[in-house]
Amino acid sequence: MSADAGKVVGTRKKKADKEPALAKARAAPNAESIIASATESPLYVNSVEKGMRVLMAFDGQQRQLSLSQIAALTGFDLSAAQRFTYTLTVLGYLNKDEESRKYELSPKLLDFAYHYLSSSELVTRATPYLQQLSQETEETTNLTILEGTDVVFVQRIVSRHVLNPTVVTGTRIPAYCTASGLALLSTMGDGEVDVILAASELRQHTPFTIVDPKKIKQRLATFREQGYAHIKEEYFLGDVSTAAAVKDARGRGIGAVNVAVTKARWGADSDESRYASLVMSAARAISLQRK
């Protein structure tokens, strides 16, 4: 380490002594800097990354794309875009409509989701509890994990009262304004929370979304103390959600169980106590089954 670098580190340590949470958040590398550093490694294979960029161009809003559209979305020239789309088509991950000359994702990509779900120890042990919870409440139950600034649905038991049928396994939603995300964040230290909030796009999704980092951290303190998170209509209008974290041996959240209830089916305030008790019980049981 150079003398200048040593001074920078020393300065950060002094600030951390005075303002631990804030200093840790500022000093911690964000996801972009980590990725930028990793891409400089001789182990990094650029062609794999470029192939993934082609696949990610189909973002759910774009069902079919022409070669020129793929080139524009990925930043490749037409020749490179053609080579990658041809290879992915031969491998079966893209389908090409010969009439329109447009490409779309192939069902073969679902193999990755299947392999993940079937090999995930957390999903395997959580699923029976989600099913039982759904039967007992007649509501939609979910298992989510935290990835970056989002929670990702890795298991979902849908009820006939479901509010958002378009939310499926693999859907991502922001952690800061969802019960599952807040339940997971409540198991973290202030420094880690600061990093995640700083990297998040704190946007007002509904009139009820809380976007002030200070207020988010205040509610996290409440959720941490009571053992569950509860929010109303902060990401989806009409959605009332209660969640509890599934924890590892150190008490850190590795997933979250939640029950989503439509506002029309939400009763008195006593409903919060009932659903909180149920999700905490399920999360605790799943946690105790860890290997």
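FYI, it's all coordinate maths here, none of it is from the lab. Remember, predicted model here, so these are calculated numbers, not experimental data. Note that we place each Cβ from the backbone using ideal geometry, even for glycine, and neighbour counts take in every protein chain shown.
The distance linking the stretch 272-291 with the stretch 179-193 is 17 Å (Cα centroid to Cα centroid, whole angstrom). For the stretch 129-245, what class follows from the C-alpha gyration tensor (a ≥ b ≥ c being the square roots of its eigenvalues): rounded when a/c is under 1.5, otherwise prolate if a/b is larger than b/c, else oblate? Note, shape of the stretch 129-245 comes out prolate.
Quick one: if the Förster radius is 22 Å, what FRET efficiency do ASN164 and GLN204 give, using the C-beta to C-beta distance and rounding to 0.05?
For R0 = 22 Å, the calculated efficiency reads 0.75.
Of all the options LYS214, LYS247, LYS232, the one that moves most in a Gaussian network model of the chain with Cα springs shorter than 10 angstrom is LYS214.
Counting neighbouring Cβ atoms within 10 Å and putting the fewest first, the residues LYS108, LYS217 line up as LYS108, LYS217. Only beta bridges with both residues in the chain are counted; by DSSP, about 100 percent of them are antiparallel.
The GluC sites (Glu not before Pro) of the stretch 179-252 that meet both conditions, a loop assignment by DSSP and at most 12 other Cβ atoms within 10 Å of the site Cβ, are GLU201. Taking the chain as a Gaussian network of alpha-carbon nodes connected by springs under 10 Å, the highest mean-square fluctuation of the residues GLY170, GLY75, GLY227 belongs to GLY75.
Output the relative contact order of the stretch 200-253, whole-number percent, from Cα pairs under 8 angstrom with separation of 6+ residues.
Numbers: 49 pairs, mean separation 15.6, N = 54.
RCO, the stretch 200-253: 29 percent.
Taking other C-beta atoms within 10 angstrom as a stand-in for reagent exposure, LEU43, LEU130, LEU185, LEU78 fall in the order LEU43, LEU78, LEU130, LEU185, fewest first. Sorting 85-92, 249-256 by their mean Cβ neighbour count within 10 Å, with the most densely packed peptide first, gives 249-256, 85-92.
Quick one: compute the contact order of the chain, relative version, from alpha carbon pairs under 8 angstrom and 6+ residues apart, as a percent. Let's see the in-between values first.
Working: 424 pairs, mean separation 42.7, N = 291.
Taking the mean separation of contacting Cα pairs over the length of the chain, I get 15 percent.
Give the residue list of trypsin sites (Lys or Arg not before Pro) in the stretch 153-204 that are DSSP loop and have at most 11 other beta-carbon atoms within 10 angstrom.
Values: sites: ARG156, ARG160, ARG172, ARG203; in loops: ARG160, ARG203.
Those satisfying the criteria are ARG160, ARG203.
Applying the criteria of a DSSP loop state and at most 15 other Cβ atoms within 10 Å to the GluC sites (Glu not before Pro) of the stretch 56-155 yields GLU98, GLU99, GLU138. Label separation (SER100 vs ALA80): 2.7 nm, computed from points 7 Å beyond Cα along the C-beta direction.
With the Cα gyration tensor of the stretch 180-291 giving a ≥ b ≥ c as the square roots of its eigenvalues, does the rule (a/c under 1.5 for rounded; else a/b larger than b/c for prolate; else oblate) give rounded, prolate or oblate?
It is oblate, given that a/c is not under 1.5 and a/b is not larger than b/c.
With a cut-off of 12 Å on the backbone N, the residues of the stretch 136-174 near the modelled label site 7 Å out from SER281 along Cα-Cβ are 136-137.
Remind me, relative contact order of the stretch 116-164 in percent, using alpha carbon pairs under 8 angstrom and six or more residues apart? Could the numbers behind the result be given before it?
Working: 58 pairs, mean separation 16.0, N = 49.
Here the relative contact order equals 33 percent.
I'm spelling it out carefully: the read-out is Cα extents along the principal axes in Å, the candidates are (i) 56, 40, 38; (ii) 61, 61, 42; (iii) 68, 40, 37, and one was derived from this structure. Which label? Only one listed value fits the structure, namely (ii).
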